[in-house]
Amino acid sequence: MLAESMTDLAAQIVAASDPVSRRLVIRVRQPLNGIGEWLAASAVSVAAPVGDVRVFRDSASLADALAVNGAEQWAGRDGELRLLACLQAGDIVIASEDGGEVHAVGVVRGAYRHSAADSRHAVDVSWWTDTLPQRIHAPPGWRYQEICEARREILQSLMMEGRRIEALPEPPFGEIVSRVAAAGMRLPETIVRRYHVALRTRGFVVLAGVSGTGKTWLAELYAKAVGARHLVVPVAPNWTANEDLLGYLNPLDGAFHATAFTLFLEGAAREHREAKEQGRAPIRYHLILDEMNLARPEHYFAKFLSAMELRSRSADGEAAVELAPGRSVPLPSNLAFVGTVNVDETTHGFADKVYDRAQLVELGIPREALVAHLGDRPHAVRLMAVWDAVSGVAPFAYRVLDDVTAYVETSAELGVRWQEALDEQVLQKVLPKLKGNDGRVGEALARLAESCGDDLPMSRARVRTMFDGFQAHGFASFF
């Protein structure tokens, strides 16, 4: 069962009968901008002028590298970097001060990563800031800044009543734009502004665009930028009822089987209620339905469409959704919904009542943004020529650009020329998207046949075969 809060997580581990496998990590030193930087980034992140920590065979070699790079502030702290590099998904991380005061507890969600661009070392963490003790009461012999088994006595201390962290103040809009851009996302400021205003005024936004334009990425980056907790829920094509999203009541044992979506809703409602009781601003929650039109939203999202309409008309900005007979959850004002949709032949259209209750923001694919994204890489001009030929019927965006770039760079490590690697990628990533009986497909194939020269022999041969098939049968297919 997914823990709803840090307290629930601690309680589950304390009550577990099996040996506890999670490890507990204490991070003593905070980042320069305070723990809020980690909470906003959903990570533990530090900057140190040294490469990937995993390549150093021991602490001494890492310490020598730090010394060579003039990192005096890291003297004697190489153990912190080595600790960060060996974290694993499921490890429990505690962010505290030197005196032991706990600010947040989280669970590691991904492996260590290193960015050569800014010498940053990080791991992704899902943070909880609720029900924190003033100090952690560690048993004798247990030290901060070490990895150890998650002992029950330590976790029991996390279940004590204590202070709560208030919601981080929302940064100015210009700062939000800067944070989104700093993560590497290239979007016109007007798109970010439209999304920002739509969330504040309606609370339900649909982000539309072709696959790979960064819809889910924008929703996640924005949530991090404003200090909101967020959850991404992938929608499955076989969802046909509210129970697929909300969970169900088992008629045999009378138990309600919740989903991650439901638990997140209840967490938002609980935070709103407790913030109101304590006279503080609630932490914001953003619930992201990824590819929400793979199934028909009117089927699995029907209860929410009605509840959101009621919420928009209520005096306190709240409404409730029935999860099962006798069990409901409020939709508080600190909860926002975001849906991402692809518009292609594999998805469903929206009924008017969905558009009536949402704000629609479309993410386009500006050519200049793609050019800037590729930069001065050797294959950039050639790849954009392919994009120019097919963008009218089979556009591709940042995800494909990144995949192609990764493939070309990895191939270069094996001595493969970038032209040969790009040829393979056009064949493997672009041409399968060209299909159908639309006359524009034939025109795109004709343009691509002219664009693919001697440097892309495999792609040129397949394009000619596809074009011949289109002329003969009026239909194009990669296979």
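Bear in mind these aren't lab numbers, they're just calculated from the coordinates by the rules spelled out. As the structure is a prediction and not an experimental result, all values here were calculated from the model. Virtual Cβ from ideal backbone geometry, glycine too; neighbours counted across all protein chains shown.
Table for the structure above
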| item | result |
| --- | --- |
| Segment 173-362: Rg to Rh, with Rh as the Kirkwood radius over Cα pairs | 0.96 |
| For L305, L445, L81, order by how many other beta-carbon atoms lie within 10 Å, fewest first | L305, L81, L445 |
| Ascending count of other beta-carbon atoms within 10 Å, so fewest first, for L335, L294 | L294, L335 |
| Kirkwood Rh, Cα atoms: Rg over Rh of segment 300-394 | 1.20 |
